[in-house]
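Working notes for the structure below.
Rule-based calculations on the coordinates, nothing more; no lab input. Keep in mind it's a predicted model, so treat the numbers as computed, not measured. Virtual Cβ from ideal backbone geometry, glycine too; neighbours counted across all protein chains shown.
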Amino acid sequence: MASYGNIGSVKLLRYIELKTGWSDNGPAWIGYATRSKTGRTLYFNGRALSKLKGQDRTWDGGNYVDAETRESFWVSGVKKNGQDRHRCGFGKVLIEAAAVREYLGITGVAELDKRRLQVTDSIIETDIAKFDRIANTSVYAE
């Protein structure tokens, strides 16, 4: 695992799927997320995703919530068998171009299954400092 950005931050390869309004068919990505120092927040694609405590889940099955939009997401590690999307779900998963080599190593295959995966360069860097400022702003400040 390599360190990037903030001191102590680590980029992790994750499967991330939007659950709000989509059930098991939401837009989904395999890409690098940056973990906060506490591990309670993942930064991915311009978002800050806050982990729900314990076994809490949103009504639509998410285990993380977007700090700004309150949309629900499912986040997990990448599965070795390549079957990251729920068995009832469908639709292509976008995979970050920079993550393809590591993904192939994890799954032990020589090339991507183009029926299930599509390479993308559209994943944007998250402005972690923006979310730090929001989190550290007092609601009582004048």
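At a glance:
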read-out: Which of D127, D84, D66 has the fewest Cβ neighbours within 10 Å, and the rest in rising order; value: D127, D66, D84
read-out: Most mobile of A33, A97, A129 in a GNM of the chain (Cα contacts under 10 Å); value: A129
read-out: Net +/- balance of residues flanking D84 in space, Cβ distance below 12 Å, scoring K and R +1, D and E -1; value: +4
read-out: Relative contact order, percent, the chain [alpha-carbon distance under 8 Å, six or more residues apart]; value: 23
read-out: Kirkwood hydrodynamic radius of the chain, from inverse mean 1/r over distinct Cα pairs, in Å; value: 15.9
read-out: Entries in K53/K92; K51/K130; K37/K130; K11/K130 that, when Cα-Cα distance is taken, lie over 26 Å; value: K53/K92
read-out: Which of R40, R70, R115 has the fewest Cβ neighbours within 10 Å, and the rest in rising order; value: R115, R70, R40
read-out: Loop chymotrypsin sites (Phe, Trp or Tyr not before Pro), the range 39-142 (other Cβ atoms within 10 Å of the site Cβ: 13 or fewer; DSSP); value: W59, F90, Y140
read-out: Exposure proxy ranking, count of Cβ atoms within 10 Å, fewest first, for S122, S72, S50, S23; value: S122, S23, S50, S72
read-out: Estimated dipole of the chain in Debye, rounded to 20 [Cβ of Lys and Arg +1, of Asp and Glu -1, Cα centre]; value: 460
read-out: Within the chain, helix-based [θ] at 222 nm, where runs of 4 or more DSSP H residues each add -39,500 (n - 2.57), nearest 500; value: -3000 deg cm²/dmol
read-out: Charge context of T41, other residues only, Cβ under 11 angstrom, K/R +1, D/E -1; value: +3
